[in-house]
Amino acid sequence: MSSPLVILILSLLLGLQPITTDLYLPALPALTASFGAVPAQAQLTLTALLLAFGASQLFWGPLSDRVGRRRVLLIGLVGYTLAAIGSALAGSIEVMVFWRVLQGAFMGAGTVCARAIVRDLYPPLEGARAMSKGLSGLGVAACLSPWIGGLLAEWFGWRATLLALTVMGALTLFVVARYFQETLHERHPEALQPAVLLRTARGIVSNGSFWTYASLCTASFGGLFCILSASSFVFINLLGTSPSFYGVLLLLLSAFYIAGTMLCRRMILHFGVQRSVMIGGALSLGGGGLMLAFALAGLTTVWTIMVPAFIFMLGHGVHQPCGQSGAIAPFPKTAGAASAITGFLMMLVAFGAAYWVGANMDGSALPMVIGVAFCSAAVAFIAWVPVQRVRLGTAG
């Protein structure tokens, strides 16, 4: 496969997650009203999906080490597309949560294989740059999803936003089935044996470099989902914006994320990974701290939330490619398993962050802001201390 084709496939696979979580966000208040649900119930369509998405990767990763990336991708994408149809046709909030759980579980196959493919094809430093290109594609998906979702919700109703996921799943399935060539050259038939799984997992979680870089991308991901889980209620219900304008706000948010991934590539080339992450930590802390300062001063407007969020997303664009590629860099022979554990940790923290924000929503933006500020402080600490003490791709 040519390098542009690899980046396209990575972008599609990684882009499934933000499309699945972001496209329907502008429709979430309407969906809630349609089912006569409360916001906490509606948020289960997001948080339950995230939990299933994270947990499923613990299975998909070792399976891909055993049977190859291609088979796992085909199974996952077929299941994802069918579950997308089910969620769009759901007749109750409980049925929708069920289908969203299945959708998240099958979606895990694409994400875990994408990270493993990077390790299959590239050494650590080049892997970070390739991951940043793939995550730029993810950023484009995240950029367009809320805007398109807002238009679909206003013109055709909330079910249209979920039907659009069926189209995306089918498109990604076609590209993978037609063009993807297996990247795993040495399969591991024993990868799913309990003893081997335990030994592999022990080797991964006992690696200091893994924990450092996995914690970096995980903490940053938690901050993002503090925003995603509550922003539709804050901007549409509290601040009175329209669903389509809310989609534009998330489009701008994603644009700053894309800018962060582009900044990441340039900084890695000139400064290396560790110094790039240090700069990213300053951006994360600046964004989260500024958002909290505005909220405590009683200045709650669209732009006192969004401008700090833009700064946070620049840092997020640095930490995701460095963190995700850095976490799996020490494990060329078990990249699927390392990718799985990384993804599980990311989704576990994202679920916890979104659940905490949802449980503490009080009609103000403060729970969301506190969550972002806490995660940004954690990101800065990890970027400035542990990352500076370990070497990328080692057992440090």
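Here are the numbers for this structure:
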{"quantity": "Residue-averaged 222 nm ellipticity for the chain, from DSSP H runs of 4+ at -39500 (n - 2.57), nearest 500", "calculated": "-28500 deg cm²/dmol"}
{"quantity": "Order of Val372, Val248 - criterion: other Cβ atoms within 10 Å of each residue's Cβ, fewest first", "calculated": "Val248, Val372"}
{"quantity": "Charge-dipole axis of the chain as Lys and Arg at +1 and Asp and Glu at -1 on Cβ define it, positive-most pick from Tyr246, Leu348, Ile382", "calculated": "Ile382"}
{"quantity": "Dipole moment magnitude, nearest 20 debye, segment 184-289 about Cα centre, only Lys, Arg, Asp, Glu C-beta charged", "calculated": "220"}
{"quantity": "Relative contact order (%) - segment 249-366, alpha-carbon pairs under 8 angstrom, separation at least six", "calculated": "31"}
{"quantity": "Radius of gyration, Dmax [segment 261-396; alpha carbons; angstrom]", "calculated": "16.3, 52"}
{"quantity": "Kirkwood Rh in Å, taken over all unlike Cα pairs in the chain", "calculated": "20.5"}
{"quantity": "Whole-angstrom Cα spans of segment 193-278 along principal axes, big to small", "calculated": "54, 39, 19"}
{"quantity": "Neighbour-count ranking [beta-carbon atoms within 10 angstrom, fewest first] of Leu31, Leu49, Leu239, Leu290", "calculated": "Leu239, Leu290, Leu31, Leu49"}
{"quantity": "Virtual spin-label span in nm between Leu197 and Glu154, 7 Å along Cα→Cβ", "calculated": "4.8"}
{"quantity": "Longest site-free stretch - the chain; sites: trypsin sites (Lys or Arg not before Pro), DSSP loop, at most 16 other Cβ within 10 Å", "calculated": "1-186"}
{"quantity": "Contact order normalised by residue count of the chain, Cα under 8 Å, 6+ apart, percent", "calculated": "28"}
{"quantity": "Note, ³J(HN,Hα) from phi for segment 239-249, Karplus 6.51, -1.76, 1.60, rounded to Hz, x at Gly and Pro", "calculated": "9, x, 7, 7, x, 5, 5, 4, x, 5, 4"}
{"quantity": "Listed residues Asp22, Asp120, Asp362, most fluctuating in the chain (Gaussian network, C-alpha, under 10 Å)", "calculated": "Asp362"}
{"quantity": "Scattering profile of segment 94-222 at q = 0.18, 0.19, 0.21 Å⁻¹ [log10 I(q)/I(0), Debye over alpha-carbon scatterers]", "calculated": "-1.36, -1.43, -1.52"}
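Values in this text are rule-based calculations from the coordinates and carry no lab data. Predicted, not measured: the structure shown is a model, and the values here were computed from it. Counting neighbours? That spans all protein chains shown, and the Cβs are built from the backbone with ideal geometry, glycine included.
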